[in-house]
Amino acid sequence: MKFLQWLHRWTSLIILLQVFLWTLSAAWFTIMDHDGMKAHQYMAHGDHSMLNTTDMVDLNQFEHHFTDASLVRVQLVDGIPQVVVRYGEDEYEYLHGLTGLPWQTGEAMATRLAQASYSGPGDVKRITAIEETWELHGWKGSAWKVEFGDDLNTRVYVDENSGTVIDHRNTPWVISDWAFRLHFIDYTGGRNFNNLVIITAAVVTLWFALSGLILLIKLLGSGEMRWSWRKVPMRTQAGDSEVNLVTPKHRTILQTLQSNELPIGSGCGGGGTCGLCKVRVEDESLPVTDAESELLSQEELAQGIRLACRHKTPTKGKVVLQDNAARYELELTSSRFITPLMKELKFSVVTDEHPEFKAGQYVQFLIPEAVSRARPDDIPEPYHGVWESIAEVEFEHSEVRRNYSMAVRPGAEELVFNVRYQPTADGAKVPGVGSTYLFNLKPGDNVVVEGPFGEFVRTDNEQHVQCFIGGGAGMAPLRSLIQEELESESPRKIEFFYGARSKQELCYADEFEELAEQGKLLFTPVLSEATSHCDWDGPKGFVHQTVENYLKDVDVLSRDYYVCGPPAMLAETLKLLKSMGVPDSQIRFDDFGN
Amino acid sequence: MKQRSGTYRVWHRWLSLVLGVQMVIWAISGAYMVIVQLPFIHGVHLTQESDQKLPVNPGAASLAEVTEKFPHTTEAELVNRLVNGEYRLLWQLRTHFGDRLVDANTLEPVVLGKSDIRALAESYYAFKEEARITNIELLTTEAPSELNPAHLPIWRIDFDDFGRTALYLDQTTGEMKVRRHDFWRGFDIMWMLHIMDYKDRVDITTWWLRIFIFGTFGFIFTGIVLLIQTLFSSRRKLR
Ligand SMILES: Cc1cc2nc3c(=O)[nH]c(=O)nc-3n(C[C@H](O)[C@H](O)[C@H](O)COP(=O)(O)OP(=O)(O)OC[C@H]3O[C@@H](n4cnc5c(N)ncnc54)[C@H](O)[C@@H]3O)c2cc1C
Ligand code: FES
């Protein structure tokens with residue numbers, strides 16, 4: 001598909017001009033019609049007077065001309081009988097029927113003949129004897145050019161040798177002739193449309209059109225171009241305001257909301273796997289899909305909560321948005337590497353209102369269609385080694401939506417995000433679209449986000465110890481949650497376990513070590529690939545193993561757990577907590593999906 | 001960093017749905033018409049001259065006699081044509097009441113019968129040894145779509161050959177007026193598709209043809225915009 005697209009594009013570059021010229025000349029043809037193009041606007045019908053044979057030389061006198069002749073014709077030209085002798089298939093001799101001498105067309109006769117063939121409003125303006133003209137392709141000999149003073153600048157060519165009116169020409173004809181040159185790619189004026197140039201152009205064009213057709217068929221098959229004339233209303237409530245949307249019937253609730261710029265969460269692009277696109281639909285008859293019984297709780301289902309990507313526009317009832325989300329425009333103020341593959345991005349809010357979010361929530365970035373560079377140009381020296389294996393290529397991507405958690409407490413002046421670079425996965429052609437785009441963002445660049453969304457927020461169990469377990473980009477929501485907890489009136493006890501592969505990947509380590517020194521929290525970084533030559537005296541291995549050891553000696557049930565990180569780490573940790581008997585109500589986690 | 005080719009892409013796609021199929025048809029029909037050589041389409045190779053050279057001393061009736069007997073003659077032609085198994089000198093007259101064929105000496109009318117037409121068709125046909133005529137038919141009221149009805153009445157002679165050749169001979173004079181074979185018929189269909197006149201295959205001014213042509217300008221325009229954006233923008237966009 002991509003290759004076909006590429007080919008279609010380059011072929012178009014080659015053939016575009018000619019396709020345009022074909023269309024242009026075709027437009028001229030369809031406006032002029034056949035007669036206009038032939039310059040026959042003022043062409044009179046032929047003369048049909050009866051043959052007058054008085055005074056005519058007896059045919060037998062022409063005998064000597066008949067050797068090899070295949071036809072003899074007698075006709076009237078300017079009232080005089082003319083004898084035409086044809087030799088073979090297309091060689092002619094013209095004789096004067098009264099004298100038997102070769103035919104001669106004089107100026108006066110030419111004028112009369114031209115006038116007889118002319119039905120327009122003009123008078124003869126000028127007569128010239130000519131030997132050649134580009135206006136009569138393929139004609140040779142001597143002729144009279146009889147010009148008429150009319151609106152079309154008609155000129156009539158009369159052959160001297162035969163008295164035949166060769167043809168009419170006028171201004172529209174000249175344009176038409178050029179249109180034919182363009183259309184037939186024959187600039188000799190011969191209107192030969194079997195020449196090699198046009199054959200080549202035709203073959204290229206044929207391929208070009210067919211590749212377009214194949215692309216179109218594929219596109220139709222992919223469902224990307226669905227269209228329905230039937231539009232249906234969708235009543236929607238966002239916060240306090242209610243809007244009536246009108247939308248094509250086949251669209252899902254999610255698509256309708258997104259195309260109307262109403263903020264709605266989604267982590268899997270409508271795939272029914274992330275469970276983030278929750279809405280409440282006031283329509284009891286709406287069925288529960290498999291994805292919903294898996295991703296939503298019984299409680300939510302009973303309340304009428306559904307996944308917006310699983311349902312077509314409901315015919316009755318209202319769709320109620322769950323989050324108090326909106327659209328914001330952000331401007332990048334700083335972008336820096338905090339680990340070899342993770343950047344901290346800070347944004348100021350351009351939109352008048354500041355988003356009001358809770359710690360642990362995320363916003364959705366509307367990544368535009370663009371060409372992005374796989375390897376950004378501001379990689380710090382120490383990380384060059386890590387990036388060496390990442391090819392320096394540019395790739396084109398369409399617009400996507402990607403979620404990133406706030407990595408700062410609510411109320412902070414700027415919004416902070418930690419974005420992890422997604423290298424090209426096995427079997428994939430390009431690295432992660434969203435992360436690459438954001439890695440290339442420069443201070444001053446703007447992005448649009450929607451949010452906040454998410455339920456990865458703090459509990460209200462006053463007595464419980466707050467235990468945060470994370471890894472990788474899971475740092476972002478955990479940092480936000482910890483900052484918010486510390487800011488609250490009476491902060492609860494905080495434990496923070498953070499797993500990384502190496503010391504280089506331990507982001508914000510200084511910040512948390514300082515807080516630990518101040519006695520504000522317990523910070524336990526864990527390294528899984530600590531090598532002997534690096535001075536690491538902290539715990540080694542996977543973070544969930546360290547947590548397991550730690551929990552053996554404490555009261556597991558008097559804690560609230562917040563888990564966020566890479567999929568394997570998340571899965572292992574949740575399994576561990578379950579096995580230790582921690583109830584679901586005390587476990588909160590955020591699944592990034594990768 | 002931001003790029004908005006979305007709208008043009010959407011337009012390009014939807015226009016392609018409407019115009020694209022016709023574009024493909026234009027491309028296919030155009031390719032056929034340019035690749036297959038026109039003289040071949042016209043069937044020039046299928047026939048040859050059938051009339052023979054005039055005798056050196058024709059000894060025909062004088063023109064004065066001709067015009068006396070047929071005063072409405074506008075044009076008189078002396079030809080040596082195959083009639084009844086032999087070549088005969090004839091006057092072929094264009095008159096106000098249609099064409100006439102008369103003996104050059106006696107000025108008696110010459111009427112061509114079916115066997116004359118068969119012999120003439122065979123002599124027109126270029127591949128003499130393979131001349132297998134399958135059908136001879138006089139068309140008087142209805143013309144097949146490959147023939148302009150103005151030619152009626154006319155003889156149609158079908159040959160059993162590769163291109164299913166059909167020759168059309170004038171009922172009165174026996175002149176070959178029209179040549180058709182399958183490549184011409186294919187060309188005619190292509191021409192029909194090219195100008196979008198599905199009925200008479202001549203009108204190049206129908207409103208739908210005009211709409212398609214002018215729509216194509218819009219289509220090309222969206223394509224150019226997309227082309228410029230995708231081919232030339234990547235370098236500029238990355239700083
Ligand atoms: C609630 C939530 C919060 C999140 N918060 C954060 C955060 O704070 N920080 C953060 O960094 N991320 C976060 N994420 C993850 C983030 O939203 C993106 O999923 C992540 O950045 C990857 O997106 P991408 O566009 O870069 O990669 P994608 O384009 O989605 O690609 C991901 C990977 O798949 C591979 N791939 C693509 N196509 C194919 C294919 N055809 N076959 C095989 N492999 C393929 C790519 O090579 C790449 O490795 C969060 C996600 C959720 C749901
Ligand atoms: S968008 Fe992911 S489940 Fe609906």
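The values are calculated or read from the model by the stated rules, or taken from the named source; none is laboratory data. This one's a predicted model, so the numbers in the text were calculated from it and none came from an experiment. Please note: Cβ atoms are built from the backbone with ideal geometry, for glycine as well, and neighbour counts cover all protein chains shown. Heads up: the accessible areas ignore ligands, DNA and RNA and are worked out on the full protein's heavy atoms, side chains in. Shrake-Rupley method; radii C 1.70, N 1.55, O 1.52, S 1.80 Å.
Excluding ligands and nucleic acids, what accessible area in Å² is computed for A:M50 using a 1.4 Å probe, to the nearest 10?
Counting only protein heavy atoms, A:M50 exposes about 80 Å² to solvent.
Ignoring ligands, DNA and RNA, please state the percent of accessible area on the range A:326-453 from carbon and sulfur, probe 1.4 Å.
45 percent
How large is the dipole of chain A about the Cα centre if only Lys and Arg carry +1 and Asp and Glu carry -1, each at its Cβ, rounded to the nearest 20 debye?
1160 debye
In peptide A:52-60, how many Cβ atoms from other protein chains are near each Cβ within 10 Å, on average?
4
If you keep only loop residues by DSSP, which GluC sites (Glu not before Pro) in the range A:43-139 have at most 14 other Cβ atoms within 10 Å of their Cβ?
Here the sparse-neighbourhood loop sites are A:E89, A:E131, A:E132.
Taking all protein chains in place and a 1.4 Å probe, what share, in percent, of the accessible surface of the range B:105-201 do carbon and sulfur account for?
52 percent
Counting heavy atoms of the protein chains only and a 1.4 Å probe, report the per residue accessible area for chain A as a whole number of Å².
49 Å²
Cross-link partners among lysines for A:K503, C-alpha distance below 22 Å, same-chain residues fewer than 8 apart left out?
Answer for A:K503, where 22 Å is the Cα cut-off: A:K343, A:K540, listed by chain and number.
Can you put A:D560, A:D123 in order of accessible area, largest first, using a 1.4 Å probe?
Final ranking, largest accessible area leading: A:D123, A:D560.
Explain nothing, just the number: dipole magnitude of the range A:182-310 about its Cα centre with +1 on each Lys and Arg Cβ and -1 on each Asp and Glu Cβ, in debye rounded to the nearest 20.
Roughly 680 debye, rounded to the nearest 20.
How much accessible area is lost when chains A and B come together, counting both sides, with a 1.4 Å probe, in Å² rounded to the nearest 100?
Approximately 6100 Å² gets buried when A meets B.
Which is the longest stretch in chain A that no exposed loop site breaks, taking sites as chymotrypsin sites (Phe, Trp or Tyr not before Pro) with a DSSP loop state and at most 12 other Cβ atoms within 10 Å?
A:230-594
Counting only protein chains, not ligands or nucleic acids, how are A:S241, A:S70 ordered by accessible area (probe 1.4 Å), most first?
A:S241, A:S70
Highest GNM mean-square fluctuation, chain B, Cα pairs closer than 10 Å: which of B:S29, B:S62, B:S115?
Of B:S29, B:S62, B:S115, the Gaussian network model singles out B:S62 as fluctuating most.
Quick check: convex hull of the Cα atoms in the range A:229-321, volume per residue, rounded to a whole Å³?
90 Å³
Among the GluC sites (Glu not before Pro) within the range B:122-184, which fall in a DSSP loop and have no more than 13 other Cβ atoms within 10 Å of their own Cβ?
B:E142
Take every residue in peptide B:21-29, count the Cβ atoms of other chains within 10 Å of its Cβ, and give the average of those counts.
5
Compute the convex hull volume of the Cα atoms of chain A, divide it by the residue count, and report the result per residue in Å³ as a whole number.
270 Å³
Mind checking the angle between helix B:182-195 and chain B's longest principal axis? C-alpha axes, 0 to 90 degrees, to the nearest 10.
That works out to roughly 50 degrees.
Place a label point 7 angstrom from the Cα of A:E489 along the Cα-to-Cβ direction, then list the residues of the range A:425-459 whose backbone nitrogen is under 18 Å away.
A:458-459
Take B:F217 and A:Y187, extend 7 Å from each Cα along the Cα→Cβ direction, and tell me the distance between the two endpoints in nm.
In this crude label model, B:F217 to A:Y187 measures out at 2.4 nm.
When only DSSP loop residues count, what chymotrypsin sites (Phe, Trp or Tyr not before Pro) in the range B:64-106 have their Cβ near at most 10 other Cβ atoms within 10 Å?
Of the chymotrypsin sites (Phe, Trp or Tyr not before Pro), the ones in loops of the range B:64-106 whose Cβ has at most 10 other Cβ atoms within 10 Å are B:F97.
For the range B:44-180, what does the accessible surface come to per residue with a 1.4 Å probe? Please give it in Å².
Result: 47 Å² of accessible area for each residue.
Using a 1.4 Å probe, how large is the accessible area of A:C467, given in Å² and rounded to the nearest 10?
It works out to around 0 Å².
Across peptide A:365-378, what mean number of C-beta atoms from other chains lies inside 10 Å of a residue's C-beta?
Rounded to a whole number, the mean comes out at 3.
Run the reach check for A:K38 against lysines, Cα to Cα strictly under 24 Å, same-chain hits fewer than 8 apart removed. What comes back?
A:K125, A:K140, A:K145, B:K177, B:K199
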